[in-house]
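Colleague: This is the structure, below, for whatever I ask next.
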Amino acid sequence: MSLKRFIVMIAAMAALAGCASMRDTAEDHERARRLAAQIDELLASAYTVAKDDPESALGMYRHIAALDPSRWEANFNAGLVYMKRGDREKAEKELYEAHERKSPADKAASALGLLYHSAGKTGKAINVLESALSNGRTAPALINLAYLKQSAGKTDEAAKLYMEAEALDPVNPIIHYNLGLLFYKTGQYEKSASRFEKTIAAGKKDEATIEAHAQSLIKLRKYEEALAALKQLNQLDPAVAAPYKNMGIIYEVFFGDYANAEKNYTGFLNKSKDKHPDVEAWTEVVKAKAGHATSDAAGGAPGKGAQ
Amino acid sequence: MAAEAKPFAKTTGKAAGPAPPAIIADPMNSDPRVAEWNEYMSIAKSQGDFSSSTLSRFYGNTTTFGSGQSQGDFSLKTLLRLTDAYLDAKDAYFRTAMEEHERQLELFRKGALKKEPLQPVHDYSHLINGFQYLLAAHPHLKGADALHYLIGYALYESAQQGEAAAWFENVVKKYPRSQFALEASFRLGEIYFETGQMGEAAESYKRIIVAGPGLYHEKALYKLGWVYYKTENLEKSVDAFTKMLDMERSAAAAWKGGSGLAPEAISGAVMSLAHFKDADTAVEFIRALGPRDYSPRLLALLGEAFADAARYEHASKAYKTLVDMFPDYEELPLIYKLMASLSARAGNIDAALKTSAEMLAMFNTTAPWYKKTYPKGAEKIDAVVIEASAWAFKQYHKNGREKSDMAALKTAIDGYTLFLASYPSVPSVGEMRLLLAEAYFDSKMYAEAAVEYEKAAALGKDDKKGEMFYSAMLAVEIVFYGPGKDKQASIETCDRILKTYPIELAQSGKLEKAIYKTAEMYGADKQFDKARDRLSPLLKDKKNIAAYQKSAELYLAEGNLTAAAALYVSLVENSKLSEYKEVLTKLRFRIAEDSLNRGALAEAIERFHEAHKTAPGSKTGELSLARAAQIAIRLKKPRDIEASVKRIVEAYPGTEWRFTLLAEAGRSFEAVDAASAGRFYELASNAAPKPSEAAKLLFAAGVFYESASLNNGNGSDEAEAAYKRYLLLDNIPTDKALEAAYRLGSLQLKMGKKSDGMKTLKKLAVADDRSTTGRQYPARAKLILLRDAHNDYLKIALTQPFEETFERKNALLDKLLKDYAEIAEANVPELLPEVFYYMGQSFENFKDAILLSERPSELAKDELEEYNFLLEEKAYTYDEQAVKAYENSLYAGRDQRIYTESLQKSLERLAFLKPAIYKRGFGEAELAPLYIMPEPASKAKETRVLPDES
């Protein structure tokens, strides 16, 4: 919607709103209905505009808020725009307004929670979300609160909240992912591995999940499965260096496959932007081991352990 | 006999002349007519002169004679008039004599008379003699033809036919133009016919016929017909008869008894026709006559004659010809009936049926034929058509039903329908409507059947109405359960009948059934409230088991198991029948399952127990208790589970559920509560039906007890006891026995029962088992047994005197290495990393011991440096050995892809000892949990935002 048209519409709506008090109830209802429909349309338009012209979007939100103060969406959306712009103060103000106007917990409260948390006020963030959840507990809001608790080191509380969210939304991958990380951090690698598997099954098969899964498997000394996961990770983005290193270690140390170890170390070194003298040294070692292995195969084996 | 020639009669007055001669003696002389005639004859004969002058001279100028109508002058004419009266008197006398004769005969028959009375005979002798005299005296008398005729007549009446014939011939020959000639010819014909002289009879009759129409013309034709019949001139016979009939004014008049001879002529013609060489000829003869009034009657009687002679085909031909030639014949329906009867008699029932059926179509009251022929109606025709068509359609109906012949049934239906339309008021209309309903029913046209049953019921007798209404409901019921979509219409029909005619239904004993039917239909249409409402009158009787059962079934169909169960409770109480108890039990079981499926577990348990209590001892009762126990298993409540198992065992001793439930309980606790799993497996082993199963479960119990003890310290005693019991069992697999022994020993050590543990393990260590799965345990036992020695070895420091302690520690090292080598030789792959690790640790420890050994106190600085150098050289060897051992550990694990903790430890030591070769560090990405950043309010879907994007 163009700005000019928006202004005309706002003027019309203002006129309508002014006339409303002079008519009977049935017409009032009809007018209110039409007003609500037009506000919805405005919201949608503002959202589209916000990407390229956030200022105009903010103007729209202000007008909407003036037209119908009960609509929390305007404040909420304005808050998000301010957040994106980095204007924390205004973002907080708008989001708080929306929160006061009873926006759902997974809307204004969640946004506020993130705002506070990113400002280092995790405790305040937790309070806001807990307060919002008292009006209704939704899975996204529970996940966010659990996240905050997890960040605050309250892993048991966080785990409980994740479980509660899981009961409401059993196939939400974020629940399994976050729980997986919680278990990983607390050394419960079996549980973390299981959760990452559930994350993948729920559809979140991104690099972070696969990497986390691979790490859990390494901790469990399940190197074959870990290698498979690392290969998956590598396939997702062959340009990323980290998987090569871990694959190299598995090949070298746990499989005795020096050729593949060398290949992966070399891959790591090639993909990596930084210098890694340790890995360079490992590469030389595996080359030597590979040479030894070849000569062993060719002309007798001097016994294991010869260096 | 019509005596046209009247006799003379005397006047009442007497003549004044000389007295006439004595009157001839005649028993009838008292009759004045007889007396007069006798007197006149006497005079005529005595005078010898028949002229009137003579007679008047006799009577003295009297010019007339006789009296009354007989009166006349003295002439033949008068004589004939007197003779006429004379003959009347004679006839009267004869009749009286005959009557008296009959009376006498009756008396004789009764025995009142001894002698049989003689039959009176006509006595015309006086007349015959008198007239013969006169003729002889006056041969040329004018009017002599009359006298000849009368003589002939008197002789004929006197049974003197031969003589009579002669006198008649006289009349015919001598007086051909006489007024008596034709009569005389007729009488001659009769005499010749009676005496078998057919040729003369024929001539006589022909004479009359040739003379043209007259009094005797039809009779002559009639008699001629018979003459021809007797002489087998059949065509001439028929011709004569038909000519006679043609002479009649109308055949209908003849049928109604006009002249009296026409019916006989028709019969005669028919008899002749029936004797034609074949029916076709006869029929064609009639056809050739052309349409005559009497032709239909001829054909009809001909057909009848043929039929009586069992010549059915010929009869049929005659009838068909009649139908063809005279479609408007007013008695055509009767002919059809005869044709149908003929077919039936010939055994051709199908033809009989078809003909009878056609009668209704052709001759019903609305048919064109009927309207034209009987515009005011005809009860007789109606009755014939009704009877024949009813018979036919009932037969079609019967055949259709018995042979499932739809065509026949359709014919019956069409017939009944036309019948009802044509004869709406006849007494049989009720019966026919019912038959129509049944025909529809037999044809599977149930909707139509229902309508007709209702109509029939309205017409039916009171005690039958209910049955018909019920039949209507049955038909509607079939429609309801059929493929049609309009179920509601069917239900409403049944409901209407039920509500409108309850009394009639009750009178027929069908009311209750009707209620059930209606209720069932409502139930099938899922209108359960209405179904129950219809049943409600029956439920007032608490003893009406069937009603309660039906009501319960409705609740079941509705899914209201609780209400159904309540009704079955009543059924059980009122009927005392075990089958209801069984149903109630199963119902309560279902109710409990329903609770279970809804997740109301506590409620489900309660209801399963209720189901069991309903029929304790039953299979369902047993299953109910089992289900309740399974819920307890699901809830993971060990005490409740044990209580449930106990309950079912008490109620059903020997039940297989005991074992099943305990094993199931064990499985359920495996992942959550190892101690409980162990307990239930132990209990299950006690209940196991087979020793092998018992052994497996006991072993499993031990494993889970052991696992529990590792987690929270509880279960060690139970595990130990279980393993011990297991090891005492017979026929346990060797590998499992070794494993159990190993587990027992390890456990005992962990429990602090070192002596028991060592004893167990020592015994295990010397066991010899080459199986793949079993052989590891002796090796493991040995490994554990070496632990103390290993730890003791590690603690030994090298002190002065160095050589002494060195030798001692070295001896221990050798012993350890030997023992470890032995274990390694057992070739248990999963143990090798650990064995080599310990070997490595032993070497490394020796190296450290050397390097950390006590130095001699008396050494100088440079000596000490030299001493240290030598020590390092010595230590280096052990370092090398340690590396090898650790590497062996790594290789062993690598080869088997078994990455145990020991291997990890070996790797850590290698990383320390040979960092360049072995020190490796996995990269760990720093992964952070995710926060769900809400989307702006206009969009539905949420997105994720990583913290650094906020």
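Colleague: Taking into account only those residues within the stretch B:640-696 that are in contact with a helix residue (DSSP H, G or I) (Cβ under 8 Å, 6 or more places away or on another chain) and polar (S, T, N, Q), which is farthest from B:Ala615 (Cα to Cα)?
Modeller: Checked the stretch B:640-696; the qualifying residue farthest from B:Ala615 (Cα to Cα) is B:Ser676.
A quick yes/no check of all residues on (1) modelled with pLDDT under 85; (2) buried (at least 17 other Cβ atoms within 10 Å of the Cβ); (3) assigned to a loop (DSSP other than H, G, I, E, B):
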position	(1), (2), (3)
B:Ala564	no, yes, no
B:Asn574	yes, no, no
B:Val583	yes, yes, no
B:Phe589	no, yes, no
B:Pro616	no, no, yes
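Colleague: For residues that are surrounded by fewer than 22 Cβ atoms within 10 Å (Cβ to Cβ) and outside any loop (DSSP other than H, G, I, E, B), tally how many sit in the stretch B:684-734.
Modeller: 21
Colleague: Hey, another quick one. Quick one: in the stretch B:889-906, of everything that is assigned to a helix (DSSP H, G or I) and facing another protein chain (nearest Cβ under 7 Å), which residue is surrounded by the fewest Cβ atoms within 10 Å (Cβ to Cβ)?
Modeller: B:Gln904
Colleague: Follow-up question, since we're still on this one. For residues that are at the interface with chain B (Cβ under 10 Å from one of its Cβ atoms) and within 17 Å of B:Leu927 (Cβ to Cβ), scanning just the stretch A:213-229, find the one that is surrounded by the fewest Cβ atoms within 10 Å (Cβ to Cβ).
Modeller: For the stretch A:213-229, the residue satisfying everything is A:Leu220.
Colleague: Can I ask one more? Could you list, in sequence order, the residues of the stretch A:264-292 that are in contact with a helix residue (DSSP H, G or I) (Cβ under 8 Å, 6 or more places away or on another chain), over 12 Å from B:Ile917 (Cα atoms) and basic (Lys, Arg)?
Modeller: A:Lys271, the sole residue that qualifies.
Colleague: Would the stretch B:136-157 turn up any residue that is surrounded by 15 or more Cβ atoms within 10 Å (Cβ to Cβ), assigned to a helix (DSSP H, G or I) and touching a Ser or Thr at 6+ places or on another chain (Cβ under 7 Å)?
Modeller: Yes: the stretch B:136-157 contains one or more residues that are surrounded by 15 or more Cβ atoms within 10 Å (Cβ to Cβ), assigned to a helix (DSSP H, G or I) and touching a Ser or Thr at 6+ places or on another chain (Cβ under 7 Å).
Colleague: Quick one: in the stretch B:866-888, which of the residues that are of a type in the set (Phe, Trp, Tyr) and more than 14 Å from chain A (Cβ to nearest Cβ) is nearest to B:Thr805 (Cα to Cα)?
Modeller: Among them, the one singled out is B:Tyr867.
Colleague: Mind telling me which of the residues B:Arg287, B:Arg292, B:Arg297 ends up being not aliphatic (A, V, I, L, M) and not in a helix (DSSP H, G or I)?
Modeller: B:Arg292
Colleague: A follow-up question, please. Confirm whether B:Ala437 is closer than 20 Å to B:Thr493 by Cβ and of a type in the set (Gly, Ala, Ser).
Modeller: Judged against the criteria, B:Ala437 is a match.
Colleague: Quickly run through the stretch B:641-664 and pick out the residues that are assigned to a helix (DSSP H, G or I), surrounded by fewer than 20 Cβ atoms within 10 Å (Cβ to Cβ) and charged (D, E, K, R).
Modeller: B:Glu642, B:Lys646, B:Arg647, B:Glu650, B:Glu664
Colleague: Something else now. Given the conditions (1) surrounded by fewer than 24 Cβ atoms within 10 Å (Cβ to Cβ); (2) closer than 21 Å to A:Leu42 by Cβ, which single one is not true for A:Glu94?
Modeller: Result: A:Glu94 fails condition (1) only.
Colleague: Filter the stretch B:138-166 down to the residues that are farther than 24 Å from B:Ser46 by Cβ and out of contact with any Phe, Trp or Tyr (no Cβ under 9 Å at 6 or more places or on another chain) and list them by number.
Modeller: Answer for the stretch B:138-166, where residues must be farther than 24 Å from B:Ser46 by Cβ and out of contact with any Phe, Trp or Tyr (no Cβ under 9 Å at 6 or more places or on another chain): B:Ala159, B:Gln160, B:Gln161, B:Gly162, B:Ala166.
Colleague: Can I ask one more? Quick check on the stretch A:164-175. Is at least one of its residues part of a helix (DSSP H, G or I), in contact with an Asp or Glu (Cβ under 6 Å, 6 or more places away or on another chain), closer than 17 Å to B:Pro934 by Cβ and not acidic (Asp, Glu)?
Modeller: yes
Colleague: Let me ask something additional. Could you check the stretch A:94-151 for helices (runs of 4 or more DSSP H) lying wholly inside it with 3 or more residues that are within 11 Å of chain B (Cβ to nearest Cβ)?
Modeller: Those helices (runs of 4 or more DSSP H) span A:110-118, A:139-151.
Colleague: What single numbered condition from (1) of a type in the set (Val, Ile, Thr); (2) under 30 Å from B:Leu434 (Cα atoms); (3) surrounded by 20 or more Cβ atoms within 10 Å (Cβ to Cβ) fails to hold for B:Thr321?
Modeller: (2)
Colleague: List every residue pair whose Cβ atoms sit under 8 Å apart, with the two residues 6 or more apart in sequence or on different chains, where the first one lies in the stretch B:140-151 and is of a type in the set (Phe, Trp, Tyr) and the second, anywhere, is modelled with pLDDT of 85 or more.
Modeller: B:Tyr149/B:Trp167; B:Tyr149/B:Phe168; B:Tyr149/B:Val171; B:Tyr149/B:Ser178; B:Tyr149/B:Phe180; B:Tyr149/B:Glu183; B:Tyr149/B:Ala184
Colleague: Now, a different point. If A:Gly248 passes every condition in (1) touching a Ser or Thr at 6+ places or on another chain (Cβ under 6 Å); (2) at the interface with chain B (Cβ under 9 Å from one of its Cβ atoms) but one, which one does it miss?
Modeller: Every listed condition holds for A:Gly248 apart from (1).
Colleague: Check whether at least one residue in the stretch B:330-352 is modelled with pLDDT under 90, part of a helix (DSSP H, G or I) and of a type in the set (Lys, Arg), and report yes or no.
Modeller: yes
Colleague: If the Cβ limit is 8 Å and pairs must be 6+ apart or interchain, which residue in the stretch A:252-265 that is more than 14 Å from every other protein chain (Cβ to nearest Cβ) pairs with which residue that is among the aromatic types (Phe, Trp, Tyr) and surrounded by 24 or more Cβ atoms within 10 Å (Cβ to Cβ)?
Modeller: none
Colleague: Here are some conditions: (1) acidic (Asp, Glu); (2) buried (at least 16 other Cβ atoms within 10 Å of the Cβ); (3) modelled with pLDDT under 90. B:Glu858 meets all but one. Which one does it not meet?
Modeller: (2)
Colleague: How about the stretch B:230-255: which of its residues are crowded, with 21+ Cβ neighbours inside 10 Å and at pLDDT 85 or above?
Modeller: Matches in the stretch B:230-255: B:Leu234, B:Ser237, B:Val238, B:Ala240, B:Phe241, B:Thr242, B:Met244, B:Leu245.
Colleague: Determine, yes or no, whether B:Glu863 is more than 12 Å from chain A (Cβ to nearest Cβ) and free of Cβ contacts under 8 Å to residues at least 24 places away in the same chain.
Modeller: yes
Colleague: Please indicate, with yes or no, whether at least one residue in the stretch A:68-88 is more than 10 Å from every other protein chain (Cβ to nearest Cβ), surrounded by 14 or more Cβ atoms within 10 Å (Cβ to Cβ) and farther than 28 Å from A:Leu142 by Cα.
Modeller: Within the stretch A:68-88, one or more residues are more than 10 Å from every other protein chain (Cβ to nearest Cβ), surrounded by 14 or more Cβ atoms within 10 Å (Cβ to Cβ) and farther than 28 Å from A:Leu142 by Cα.
The values are calculated or read from the model by the stated rules, or taken from the named source; none is laboratory data. Treat the numbers as computed from the prediction; the structure is a model and nothing was measured. Ideal geometry is used to build each Cβ from the backbone, glycine not excepted, and the neighbour counts take in all protein chains shown.
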